[in-house]
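Reading through the structure tokens given below for one structure.
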Amino acid sequence: MLNINKLNVFVENKEILKDFSLNIKDGEIHALMGPNGIGKSTICRCLLKDPNYTIKSGEIIYNNHNLSTLSTTEISRLGIMMISQNPIAIEGVTNAEMLRLALSERTKEHIDIFKFSKEAKSICQKLSMPESFLHRDINSGMSGGERKKNELLHVWMLKPSFLILDEVDSGLDVDALKIVANSLKEYQETTNCSILLITHNTKLLDVLKPDYVHILKNKTIVKTGDASLANYIEKSGFNEVSGEKTQERTA
Ligand code: ADP
Ligand code: MG
């Protein structure tokens, strides 16, 4: 269970989020939508304590842990993981090396290399990804779409309980989008993880079927609805949604 309570966030002395609150229960999928540059990625980065984002007040609690007291590593150990808008490449560390180390850190057990290799290869197959990617440096030399699939490989191997998907559809061609969307759906159904989904992609929304859709505007959530709100936005745009209308419609 994640509770974000009245968060005020500044980036380079500019207030981006004000009184931002959001609760996500175990197993729920919440989509956060809003115009470009409004603060969607900002909230994702606050959850993982990116030092570029300053939380001036408010709190984030995940399963009774106050995230402001934890480091990014400790937060990730709680099972929170993000596929970012632009996954970075890490030269000199292969996927397999990172995943084996991360898994043994998490389980505090010796990782059986044969079991690990079998599982990783079967995930590559599921994602239509060459097995050779396991031995490539993390995201290095990979296209935008390949990076997203590679991050999904990390998800399946490390099994987060809370997944942040920041425009995971960007850079994916139609076939890759189908694979990624279906794989995320399967992952969510298998593990009952919670998802914070940032996207404007109706295909991804159709597959993942969020329980709630929130509209971020004027530094806070101005409207919450079910999946049909995303269709309304698709037709009418964000200008039609305002704080006042929210109160009318949700009253
Ligand atoms: P969104 O994801 O909704 O498109 P962001 O959360 O990325 O928007 O950005 C919100 C605002 O904060 C934008 O005006 C953006 O330019 C600014 N911003 C975000 N990150 C930084 C940063 N590291 N340095 C300076 N400004 C930033
Ligand atoms: Mg963004």
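The values are calculated or read from the model by the stated rules, or taken from the named source; none is laboratory data. Owing to the predicted nature of the structure, the values given are computational and were not obtained by experimental measurement. Note that we place each Cβ from the backbone using ideal geometry, even for glycine, and neighbour counts take in every protein chain shown. Side chains included, ligands, DNA and RNA excluded: accessible areas come from the protein's heavy atoms. Shrake-Rupley method; radii C 1.70, N 1.55, O 1.52, S 1.80 Å.
Per-structure values
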quantity: Under 5 Å, built H, 5+ apart or other chain: amide partners of Asn23; calculated: Ile4
quantity: Region 103-161: chymotrypsin sites (Phe, Trp or Tyr not before Pro) in DSSP coil with no more than 15 other Cβ atoms inside 10 Å; calculated: none
quantity: The chain: calculated mean residue ellipticity at 222 nm from DSSP helix runs of at least 4, using -39500 (n - 2.57); calculated: -12000 deg cm²/dmol
quantity: Column: log10 I(q)/I(0), Debye, Cα scatterers of the chain, q = 0.11, 0.17 Å⁻¹; calculated: -0.60, -1.39
quantity: Fraction of beta bridges assigned by DSSP in the chain that are antiparallel (%, nearest 5); calculated: 60 percent
quantity: GNM result for the chain, Cα springs below 10 Å: residue of Leu208, Leu48, Leu103 fluctuating most strongly; calculated: Leu103
quantity: Å² of accessible area per residue within the chain, as computed with a 1.4 Å probe and no ligands counted; calculated: 50 Å²
quantity: Label-point gap, in nm, between Val93 and Glu105 - each point 7 angstrom along Cα→Cβ; calculated: 0.7 nm
quantity: Under 26 Å from Lys126, Cα to Cα: lysines that are on another chain or at least 8 residues apart; calculated: Lys115, Lys118, Lys148, Lys149, Lys159, Lys178, Lys185, Lys203, Lys209
quantity: Where labels lie 7 Å past Cα in the beta-carbon direction, separation of Lys203 and Ser71 in nm; calculated: 4.1 nm
quantity: Share of carbon and sulfur in the accessible heavy-atom surface of region 42-164 [1.4 Å probe, %]; calculated: 53 percent
quantity: 0 to 90° range, to nearest 10: angle between helix 144-158 axis and the chain longest Cα axis; calculated: 80 degrees
quantity: Region 1-75: GluC sites (Glu not before Pro) in DSSP loop, at most 11 other beta carbons within 10 Å; calculated: Glu12
quantity: Using alpha-carbon coordinates, inclination of helix 174-191 to the longest axis of the chain, degrees; calculated: 90 degrees
quantity: Exposed trypsin sites (Lys or Arg not before Pro) absent - longest run of the chain, DSSP non-H/G/I/E/B, at most 13 other C-beta within 10 Å; calculated: 109-251
quantity: Nitroxide proxy distance, nm - points 7 Å out along Cα→Cβ at Asn52 and Asn182; calculated: 3.5 nm
quantity: Vicinal HN-Hα couplings computed from phi for region 38-45 (Karplus, 6.51 cos²θ - 1.76 cosθ + 1.60; Hz; Gly/Pro x); calculated: 8, x, 5, 5, 4, 5, 4, 5
quantity: FRET efficiency for Lys118 and Asp211, using Cβ-Cβ distance with R0 set to 35 Å, rounded to 0.05; calculated: 0.55
